[in-house]
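Here the structure is laid out as structure tokens; the discussion comes afterwards.
The values are calculated or read from the model by the stated rules, or taken from the named source; none is laboratory data. The structure presented is a predicted model; accordingly, all values stated were derived computationally and were not measured. Using ideal geometry, Cβ is built from the backbone for each residue, glycine included, and neighbour counts are taken over all protein chains shown.
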There are 2 protein chains.
Amino acid sequence: MGKKLFWIAGVFFWLNLPAQTKDETFIRKIADEILVNSQAYENLRTLTKTIGGRLAGSPQMYQAEAWGYQLLQKSGSERTFKQECMVPHWVRGGNDQATATLANGTKKALDVLALGNTEGTGTKGINAPVILIRSFEELEAKKDQLKGKIVFYNYPFNPRFIRTFEAYGDAVKYRTRGTSLAAKYGALASLVRSMSHSVDNNPHTGGTRYDSAYKKIPAVAIGLKDADWLAAELGKGTPVSLFLKTMGHFLPDAKGHNIIGELKGTEFPNEIITVGGHLDSWDICEGAHDDGAGITQTIEILRAYKALGYRPKRTIRFVLFANEENGARGGARYADEAAKNRQEKHLLALESDAGGFTPRGFGVTCNDAQFAQLKSWIPLLEPYGANQFTRGGGGTDVSFIHEKLNVPMAELLPDSQRYFDIHHARSDVFEAVNKRELELGAVNLAALIYLVDQYGF
Amino acid sequence: MGKKLFWIAGVFFWLNLPAQTKDETFIRKIADEILVNSQAYENLRTLTKTIGGRLAGSPQMYQAEAWGYQLLQKSGSERTFKQECMVPHWVRGGNDQATATLANGTKKALDVLALGNTEGTGTKGINAPVILIRSFEELEAKKDQLKGKIVFYNYPFNPRFIRTFEAYGDAVKYRTRGTSLAAKYGALASLVRSMSHSVDNNPHTGGTRYDSAYKKIPAVAIGLKDADWLAAELGKGTPVSLFLKTMGHFLPDAKGHNIIGELKGTEFPNEIITVGGHLDSWDICEGAHDDGAGITQTIEILRAYKALGYRPKRTIRFVLFANEENGARGGARYADEAAKNRQEKHLLALESDAGGFTPRGFGVTCNDAQFAQLKSWIPLLEPYGANQFTRGGGGTDVSFIHEKLNVPMAELLPDSQRYFDIHHARSDVFEAVNKRELELGAVNLAALIYLVDQYGF
């Protein structure tokens with residue numbers, strides 16, 4: 001639909017009060033069903049407390065797959081199926097250790113976590129002087145001083161960004177690219193300040209990317225209190241050496257699966273709306289917000305639709321993606337399958353992977369007419385919290401189908417203030433999730449999918 | 001300013017881009033100052049961890065007054081003063097106790113808290129059969145069965161309300177009015193289901209109001225898990241008796257104080273903008289969200305203005321109100337003082353007393369032109385979180401000056417999902433407050449006050 005035509009249609013839509021009232025009424029029913037009868041919180045408890053961390057390839061990944069499959073069936077999925085994909089199988093291999101030694105002989109154990117996908121130090125560990133690096137500019141300026149050292153990237157998480165994902169985007173390059181850049185100049189390992197503004201000392205892990213041109217050196221994340229201490233000691237100008245021991249390594253790729261539930265469309269069964277989150281998590285936490293929340297919200301939407309007897313016009317797929325954290329093979333496989341099936345037309349791929357916090361809006365990558373359509377729905381969603389629609393965004397898993405088939409993608413945008421307190425850290429546990437905030441995320445997702453289902457996109 | 005004139009002025013305001021840019025720039029400075037250098041979180045730590053619960057009349061009330069006075073001075077107050085007011089001095093007098101006994105002799109200790117301002121049972125306690133009452137309608141229907149019994153109000157906190165304060169407004173009458181209504185029909189005590197949707201068993205206290213026509217019977221709040229257990233037992237139809245012991249009583253009224261800091265207006269010193277929270281809290285918690293958050297935000301706004309060298313056009317008062325929880329004498333005294341000083345013109349009285357959660361907007365009681373003016377500022381505040389301006393609301397403390405002098409009043413509306421998890425319960429502790437959410441509340445308050453100061457109201 002052209003932009004002008006859309007606006008005319010939009011005016012008629014708004015004058016069409018019975019439709020508006022019908023939508024208001026049904027969205028109210030969705031909210032009541034979820035806020036009164038939701039299973040999302042108890043499902044999250046099971047996922048986090050009986051399975052726990054579930055990195056790709058781990059036994060817990062398989063447990064989570066079985067749990068998800070059964071729960072989709074129990075929640076009313078009309079067709080439940082798996083999409084196999086080979087996933088990387090990285091293991092931590094032991095407890096990560098770091099001990100700093102000051103010039104006066106004082107030793108201090110530092111709380112560190114090896115970055116995902118990194119090679120370990122070997123059983124003997126590495127002992128080397130630490131050099132403080134505050135930015136890539138400083139790295140370049142000091143490139144002749146790095147050989148045989150451990151590079152300590154101490155780039156702060158900028159508190160000025162209101163949406164904390166912007167601070168993450170600003171800082172995360174020291175985790176993803178910093179390791180190989182340090183190796184390029186002969187460093188033996190890298191230590192990176194956690195991407196967080198937490199008030200505790202938990203290190204925050206996450207993936208790093210080795211540049212194949214350089215040696216694969218070990219890399220760890222360090223918590224903020226230890227980072228501040230270490231930076232202060234290095235600031236005194238006296239040498240600090242660090243003993244580092246990590247045991248990370250890859251096992252052969254494993255068979256992982258996207259776990260998918262479906263409600264078949266009654267009018268346009270070949271038009272597909274996808275909603276999902278990722279089933280895997282880092283190994284060192286329960287993955288409650290990241291992304292147990294998105295998984296349990298996805299299943300809750302299905303449960304609520306079935307409880308309300310809702311029969312969608314279009315086919316809705318509820319996808320528990322495999323391996324988002326350290327490979328994203330599940331998202332890639334989902335896009336490949338969609339590309340193979342030429343009959344299917346994917347209208348929208350929607351992801352919840354920014355935590356189970358109170359919903360504030362949606363980020364959407366789509367064309368102007370679609371964005372205008374979405375904005376026209378704000379009055380229907382605002383009573384439930386989502387009133388900020390921004391352009392851009394969509395989530396790692398759905399980015400593949402977007403890139404491959406130009407399918408519009410969207411993501412739930414919960415309030416972001418607490419996310420990087422717990423992201424990829426031991427503190428991402430069930431207790432950090434609030435029941436109602438989790439449920440309201442599901443309400444807003446279910447309402448948006450309902451509108452796309454009713455009116456197309 | 002008339003409504004039509006306002007709209008014309010509004011158009012010029014929007015065309016006046018340099019002013020907009022100036023405001024954007026200054027509000028960005030406010031945000032940076034608070035997000036980078038805020039003392040609010042550490043001040044809250046001191047208030048909650050070194051003083052703690054600070055009910056009117058308690059030694060902790062005086063400690064909090066001294067702390068607040070000194071902190072306002074240290075934060076740059078140009079004139080710091082107190083307003084004395086006599087406050088009620090209710091004491092709990094001991095540990096509240098409740099034990100249920102089933103027909104088969106099984107005993108179960110229940111976690112209860114006496115409601116504030118209630119008379120105790122005496123040292124021997126009360127032992128009486130419990131009767132389950134789900135609503136005031138049921139109370140009336142069963143009024144002949146209440147004599148000599150303990151009434152158990154088990155009215156649920158309705159999860160369908162999105163804004164949880166509506167659920168509170170719906171349920172709180174069983175706490176405030178239920179005690180005397182039970183006494184009216186001869187009940188010996190009342191037990192009220194906590195106004196909460198928490199997932200724990202903490203009872204939530206709060207004030208009750210005795211109707212002088214009836215006997216002042218004891219009353220306690222009970223946590224949700226115990227309430228569900230008790231309701232289930234009573235639902236079996238076999239009798240349950242309850243032993244209740246509470247020791248609450250009043251001591252003579254005490255001298256309390258509003259603690260006030262001030263920045264003098266450079267152009268319109270007689271025009272007053274008030275911002276505040278309440279310094280007191282219930283005795284059984286740290287009062288971190290209620291209302292340590294409002295207090296530390298209030299002081300943070302002052303600190304940030306001074307740090308930025310901001311010299312307001314109008315006089316800004318930073319008020320730490322006395323005795324909101326069980327008497328509201330501080331708010332009344334502030335209004336009385338304002339009424340005496342005929343030279344002063346109060347433009348707006350703004351309160352933060354809904355928790356230190358992520359800000360979503362403001363509730364405002366004002367006229368149409370003023371509300372339109374506020375809405376015109378949404379684009380300036382939205383980047384920092386406040387984009388929902390609703391009519392109505394203002395806060396208990398500022399309601400007195402509103403009622404007495406028709407001063408517009410407003411309240412910060414943080415996200416409300418977590419507030420009634422901790423409200424008036426032992427779980428309202430420092431750890432339940434997130435540093436950035438607290439700070440962003442201060443940012444939005446400071447920005448709104450800046451705009452009112454610049455443009456009048």
Of (1) buried (at least 23 other Cβ atoms within 10 Å of the Cβ); (2) assigned to a helix (DSSP H, G or I); (3) in contact with a Leu (Cβ under 8 Å, 6 or more places away or on another chain), A:A98 fails just (2)
Hey, which of the helices (runs of 4 or more DSSP H) in region A:154-199, taking only ones fully inside, have at least 1 residues that are within 14 Å of chain B (Cβ to nearest Cβ)?
A:164-171
Do we have any residue at all in region A:352-373 that's basic (K, R), more than 14 Å from chain B (Cβ to nearest Cβ) and out of contact with any Pro (no Cβ under 6 Å at 6 or more places or on another chain)?
no
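For every residue, the table says whether it meets (1) within 14 Å of another protein chain (Cβ to nearest Cβ); (2) assigned to a loop (DSSP other than H, G, I, E, B).
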| site | (1), (2) |
| --- | --- |
| B:K49 | yes, no |
| B:V87 | no, no |
| B:G94 | no, yes |
| B:L132 | no, no |
So, in region A:246-257, exactly how many residues are under 15 Å from A:V91 (Cβ atoms) and either modelled with pLDDT under 95 or in a strand (DSSP E or B) (or both)?
7
For region A:334-341, does any single residue satisfy the condition of being without any contact (Cβ under 8 Å) to a residue 60 or more places away in the chain, over 23 Å from the mean Cα position of the chain (by Cα) and surrounded by fewer than 24 Cβ atoms within 10 Å (Cβ to Cβ)?
yes
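Is it the case, given these coordinates, that B:G265 is in the same structural domain as B:A446 (by TED's automatic domain parsing), touching a strand residue (DSSP E or B) at 6+ places or on another chain (Cβ under 7 Å) and buried (at least 24 other Cβ atoms within 10 Å of the Cβ)?
Values: in the same structural domain as B:A446 (by TED's automatic domain parsing): yes; touching a strand residue (DSSP E or B) at 6+ places or on another chain (Cβ under 7 Å): yes; buried (at least 24 other Cβ atoms within 10 Å of the Cβ): no.
In short, no.
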For region B:326-356, enumerate the residues that are under 16 Å from B:E84 (Cα atoms) and hydrophobic (A, V, I, L, M, F, W, C).
B:A328, B:A332, B:A335, B:A338, B:A339
Suppose we keep only residues that are β-branched (V, I, T) and closer than 21 Å to A:T106 by Cβ within region A:201-240. Which one would you say is farthest from the chain's Cα centre (by Cα)?
A:T238
Of everything in region A:195-221, what is in contact with a Ser or Thr (Cβ under 9 Å, 6 or more places away or on another chain), in contact (Cβ under 8 Å) with a residue 40 or more places away in the chain and of a type in the set (A, V, I, L, M)? Give them in sequence order.
A:I217, A:A219, A:V220, A:A221
I'm told A:F389 meets every condition in (1) of a type in the set (A, V, I, L, M, F, W, C); (2) within 14 Å of chain B (Cβ to nearest Cβ); (3) more than 20 Å from A:G355 (Cα to Cα) except one. Can you identify the failing condition by its number?
(3)
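Examine region B:373-388 for a residue that is more than 29 Å from B:E271 (Cβ to Cβ), touching a residue at least 24 places away in the same chain (Cβ under 8 Å) and assigned by TED's automatic domain parsing to the domain that holds B:I30, and state whether such a residue exists. Steps first, answer last, please.
Initial filter on region B:373-388 (more than 29 Å from B:E271 (Cβ to Cβ)): none.
Scanning region B:373-388, I find no residue that is more than 29 Å from B:E271 (Cβ to Cβ), touching a residue at least 24 places away in the same chain (Cβ under 8 Å) and assigned by TED's automatic domain parsing to the domain that holds B:I30, so the answer is no.
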Taking region B:167-205 and keeping only residues that are surrounded by fewer than 24 Cβ atoms within 10 Å (Cβ to Cβ) and among the charged types (D, E, K, R), one is left with B:D170, B:K173, B:R177, B:K184, B:D200
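Residue-by-condition table, conditions (1) crowded, with 21+ Cβ neighbours inside 10 Å; (2) assigned to a strand (DSSP E or B):
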residue: A:V151; (1), (2): yes, yes
residue: A:K225; (1), (2): no, no
residue: A:A231; (1), (2): no, no
residue: A:F243; (1), (2): no, yes
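Per-residue answers, yes or no, for (1) hydrophobic (A, V, I, L, M, F, W, C); (2) surrounded by 18 or more Cβ atoms within 10 Å (Cβ to Cβ):
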residue: A:P359; (1), (2): no, yes
residue: A:T365; (1), (2): no, yes
residue: A:W377; (1), (2): yes, yes
residue: A:R391; (1), (2): no, no
residue: A:G394; (1), (2): no, yes
residue: A:V398; (1), (2): yes, yes
residue: A:K404; (1), (2): no, no
residue: A:V407; (1), (2): yes, yes
residue: A:P414; (1), (2): no, yes
Go through region B:300-320 and count every residue that is surrounded by 24 or more Cβ atoms within 10 Å (Cβ to Cβ) and farther than 22 Å from B:A335 by Cβ.
3
Being more than 27 Å from B:Y69 (Cα to Cα) and modelled with pLDDT of 95 or more narrows it down to one of B:N367, B:N323, so name that one.
B:N367
Of residues in region A:301-325 being in contact with a helix residue (DSSP H, G or I) (Cβ under 7 Å, 6 or more places away or on another chain) and part of a strand (DSSP E or B), the one farthest from A:K82 (Cα to Cα)
A:R314
Answer yes or no: is there a residue in region B:428-439 that is within 30 Å of B:L224 (Cβ to Cβ) and among the aromatic types (F, W, Y).
yes
Does region A:279-293 contain at least one residue that is farther than 30 Å from A:M61 by Cα and in contact with a helix residue (DSSP H, G or I) (Cβ under 6 Å, 6 or more places away or on another chain)?
no
